[in-house]
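Reading through the structure tokens given below for one structure.
Coordinate-derived values only; no laboratory data. These numbers were taken from a predicted model, which means no experiment stands behind them. Neighbour counts are summed over all protein chains in view; Cβ atoms, including those assigned to glycine, are modelled from backbone coordinates with ideal geometry.
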Amino acid sequence: MSMAEPVPWVYVVDDDPDVLKAIERLLESVGLNVATFPSPQAFLERYDRNAPGCLVLDLALPGLNGLELQRVLEQEMSFLPVVFLTGHGDIAASVQAMKHGAADFLTKPVDDVVLIAAIQEALSRGRALRREGGERQRIAKCFATLTERERQVFGQIVAGKLNKQIAAELGLTEQTIKFHRANLMRKMGVRVVADLVNVAVRAGVGATPRV
Amino acid sequence: MIAASLTLGVIHVFVWVKRRSQYAHLLFFALALSAAIFGAFELAMMRAQSPAGYASELRWAHVPLTVGVLSVVWFVHFYFDAGRLWLAYAISGLRLVVLALNFMTGVNINFREISSLYHVMLWGGAVVSGPVGVANPWMLVAQVNNLLLFAFVADASITLWRRGDPDARRRATLVGGSLALCIIAAAALTSLITSGLAHAPTIVMPAVFLVVLAMGYELGWDVIAAAQLAARLRASEKRFRAVIEAVPSAILVVDDKGIITFANAQAEGLFGYPRTDLVAMPVEMLLPERTRVPHAALRQAYARDARARVMGAGRELSACRKDGGEIPVEVALSPMVTEQGLFILVSVVDITERRRLERETTRQRDEVAHLSRVAMLGELSGSLAHELNQPLTAILSNAQAAQRFLAQDPPRLDKLGEILTDIVKNDRRAGGVIQRLRSMLRKEEAQRHPLDLNEVVEESLRLMRSDLLNRQVVASAVLEEELPAVSGDRNQLQQVLLNVVINACDAMDGQEVDRQLLVHTQTTAQGNVEIRVADRGGGIPLADLERIFEPFVTTKVHGVGLGLAICRSIVEAHGGHLWATNNPDRGATLHCELPAQRL
């Protein structure tokens, strides 16, 4: 972890104040940075969207339930991994949670070691997601500056075509293709074609490479 | 005729001796006696040898005649209960005047003098004497008196006849008719003989005897009727006793001093005393010792305002047997006012068996309620487990946090105090849930305690909290402050509430929005306590509003249909009502009304 990385938050959402308080104490005892919320609404209103961290979430909650909150975070393109902590997790709910990318699914009462391990795991996963997410966002930003023609050319290059082939395909001269190619390489911040393909795969932009 | 008159007279004097108030019998005796004496004089007159003897005998014959007339007048007056009183006095007075004139004028009232006797042969060959002489002018007074007598009898008879009942009419005809005939016959005969128009013996006796017979018949009829009445009375009393003995309950008759005057066979069986002991025993002896004094006071109060009623309605009454055993009884009182004072007919029923059946019914209802409660708790097991899990989670995490704080170097002791406090609190919380569960699962007789229904509502919603969350039902409660307490079994009433709330949630299953549940408590206008549980589901079809409380009627796929039937039986056992209505906008409301506990 670089020194510049901010301290991650562990958010805990549970409607039982006693449980909330106990989990908060446990996590503080291992030096974690804890913020507690009695309801999903309170969490959504107040959590820091820019800070790294993870979410320890009860399943049965008033208003939005745990699964619904997970869905909202998904839509917000949040990088917060979710550790479910529930009283009676039935299989259907746990499958749902895992399908939507839950970091873990624990049942109460939870042993400290298990909970802390799950949180550590979720935090590191959160860091990776953030990094990946940050990269993807940068690529997406660059990709957004490309013109329509440049995007077409991008797709052809990634598909492994030669300039001559691309020119024939798009009905342009080879010279024009070279011009577009140089521009888009500059805009995307890459020097060699191999990097460009890498970017396209990671960010899911351009055309899917033909195997 | 003389002998018959005498006999009839004597019979009635005996009747009169027994029944002093019946003057008719005495007067009849006087009449019969005077008729007999008059008959004797008449006989003597018929055998008279000289005019002087005849005259003297006729003169003296007027004495019984006067007594007879007076007897007739007053007999008619008393027996008919009719006739003009002034006329009766006038006749009586005038007749005495006639008697005086009889002795003061002429040889008697009929003749101034009798010159000779003639002899007449009657049928059968007997030769009797008749008078020849000058009529006494004062006889007019006697004739007027006869006329008045006739008028009096006729008037009284008509009055009697007009009363209309067959007995009175027969009496009027028979007695009145024979009297009238006798008066006319006697007066006519006397006039004819004294005026010398007819040569006949003075034979008034047959007419008088006719009267005596008619009156005797009537009076005898009365005596017979009285005897029949007495016989009927005896038969009726016999029937009364037979009925009283046949009645399945113990019957006592108690006088106004609380002394038993009659007891039937069932009373002997119920109280274990022989009838001879029961009669003359104070009724309080049949009560348990502790209630004897208050009962005597109650009995006296009852005697002041005696009305037929069931005693001690709604109270447990006990009777005490001879062997000291107490039995639960039901007592009905009905007063009988007689000439001898107030008597109270007490009917006592042993309700030991009824009580036993009631207890059995209660036991069975409690058992069914328990079974249904266990099944319902099974349904709620997830929610209940969650309610236990929460404090356990808090305890574990708190304890492990404490361990970690202690393991730090240096150990952080500042947090330990509040952590321990929270551990204790959550341990108690878990203990409370377990206790509630055990109490609801335990099979025990329903017990009545003062209950705050608000508390029951809050606790029920707490127990169901997780279930409500899982079903995404938003439950809210509007609870009236200072709600009066009700007397009830906490487990059973909680069962009712949980059941109703589960039903309300079921009604909103599969509904995307508006899953709201509202629980209200309030005091009704009658001072009862009402709990309303309103949902926002599909409501209840009108035809089912009442049917849902029948056993085995269910609208659910997996329901047995016993829940609401049992709930209703529980609420009714608490003296309350449970019913359903549909809300004006949507959904249904279950109402549970329970009587507030009287302070």
- Message: Can you compute the charge dipole magnitude of chain B about its Cα centre, using +1 on each Lys and Arg Cβ and -1 on each Asp and Glu Cβ, nothing else charged? Give it in debye, rounded to the nearest 20.
- Response: 2220 debye
- Could you work out the helix-only [θ] at 222 nm for chain B, with each DSSP H run of four or more residues adding -39,500 (n - 2.57) and the total divided by the number of residues, to the nearest 500 deg cm²/dmol? -18500 deg cm²/dmol
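Would you mind giving the mean number of other chain beta-carbons within 10 Å of the Cβ of each residue in A:104-117, as a whole number?
On the way: counts 0, 0, 0, 2, 8, 11, 4, 3, 7, 1, 0, 3, 2, 0.
Partner Cβ neighbours, averaged per residue: 3.
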- For the range B:19-170, the dipole about the Cα centre with charges only on Cβ (Lys and Arg +1, Asp and Glu -1), to the nearest 20 debye, works out at 300 debye
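Normalised by the residues of the range A:145-203, what does the relative contact order come to in percent, with Cα pairs under 8 Å and at least six apart? Kindly include the intermediate steps, with their values, before the conclusion.
Details: 36 pairs, mean separation 21.6, N = 59.
Result for the range A:145-203 is 37 percent.
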- Task: Determine, for chain B, the count of lysine pairs separated by eight or more sequence positions (or lying on different chains) whose alpha-carbon distance falls under 28 Å.
- Result: 5
- Those residues of the range B:142-178 whose amide nitrogen sits under 19 Å from the label point placed on B:Leu85, 7 Å along Cα→Cβ: B:152-153, B:155-157, B:159-160
- Per-residue HN-Hα couplings for the range B:275-287, Karplus 6.51 cos²θ - 1.76 cosθ + 1.60 at θ = phi - 60°, whole Hz, x for Gly and Pro? 4, 5, 6, 5, 5, 5, 8, x, 4, 4, 4, 8, 10
- Item | FRET efficiency, B:Val424 to B:Ala375 (Cβ-Cβ, R0 30 Å, nearest 0.05) | 0.30
- Extended-chain gain in nm, criterion 0.36 nm per residue less alpha-carbon gap, B:Glu572 and B:Gln435: 46.7 nm
- Putting +1 on Lys and Arg Cβ atoms and -1 on Asp and Glu Cβ atoms, find which of B:His386, B:Met376, B:Val486 reaches farthest to the positive end of the dipole of the range B:360-594. B:His386
- Query: Label-point separation (nm) for B:Glu360 and B:Ala52, each offset 7 Å from Cα along Cα-to-Cβ?
  - Reply: 10.9 nm
- Would you work out the relative contact order for the range B:248-350, in percent, from Cα pairs under 8 angstrom that are 6 or more residues apart? 31 percent
- Message: At 7 Å along Cα-to-Cβ for each site, give me the label-to-label distance between A:Ile91 and B:Asp514 in nm.
- Response: 3.7 nm
- Task: Using a/c under 1.5 as the rounded threshold, could you call the range B:512-599 rounded, prolate or oblate? The axes a ≥ b ≥ c are square roots of the C-alpha gyration tensor eigenvalues, and prolate needs a/b larger than b/c, oblate otherwise.
- Result: oblate
- Query: Can you give the net charge of the other residues whose Cβ lies under 11 Å from the Cβ of B:Gly537, counting K and R as +1 and D and E as -1?
  - Reply: -1
- Task: With a point put 7 Å past each Cα toward its Cβ, work out how far A:Lys187 is from B:Thr523 in nm, to one decimal.
- Result: 7.9 nm
- Report the relative contact order of chain B, percent, no decimals, based on alpha-carbon pairs under 8 angstrom and at least 6 residues apart. 7 percent
- Task: Mind checking the full-extension length gain between B:Ala407 and B:Glu481? Use 0.36 nm per residue of separation minus the Cα-Cα distance, one decimal, nm.
- Result: 21.7 nm
- Task: Take the Cα of B:Thr7, step 7 Å along the line toward its Cβ, and report every residue of the range B:171-214 whose backbone nitrogen sits under 17 Å from that point.
- Result: B:209-214
- Placed amide H near B:Tyr273: partners under 5 Å, 5+ positions off or other chain: B:Lys322
- Query: Farthest toward the dipole's positive end in the range B:2-228, which of B:Ser195, B:Leu179, B:Thr105, given Cβ charges of +1 (Lys, Arg) and -1 (Asp, Glu) about the Cα centre?
  - Reply: B:Leu179
- Task: Subtracting the Cα-Cα distance from 0.36 nm times the residue separation, let me have the gained length for B:Ala235 to B:Ala308 in nm, one decimal.
- Result: 23.7 nm
- Query: Considering amide H positions built from the backbone, and no H for Pro or chain starts, which residues 5 or more places from B:Asn583, or on another chain, come under 5 Å of its amide H?
  - Reply: B:Ala588, B:Thr589
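If a helix is a whole DSSP H run, which ones in chain B reach 18 Å or further along their own axis (Cα) and hold a mean Kyte-Doolittle hydropathy of at least 1.6?
What comes out of the filter, once short or polar helices are dropped, is B:2-18, B:23-46, B:85-104, B:177-194.
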- Task: In whole angstrom, note down how far apart the Cα centers of the range B:370-428 and the range B:188-244 are.
- Result: 112 Å
- Message: Report for the protein assembly as shown the percent antiparallel among DSSP-assigned beta bridges with both residues inside it, nearest 5.
- Response: 70 percent
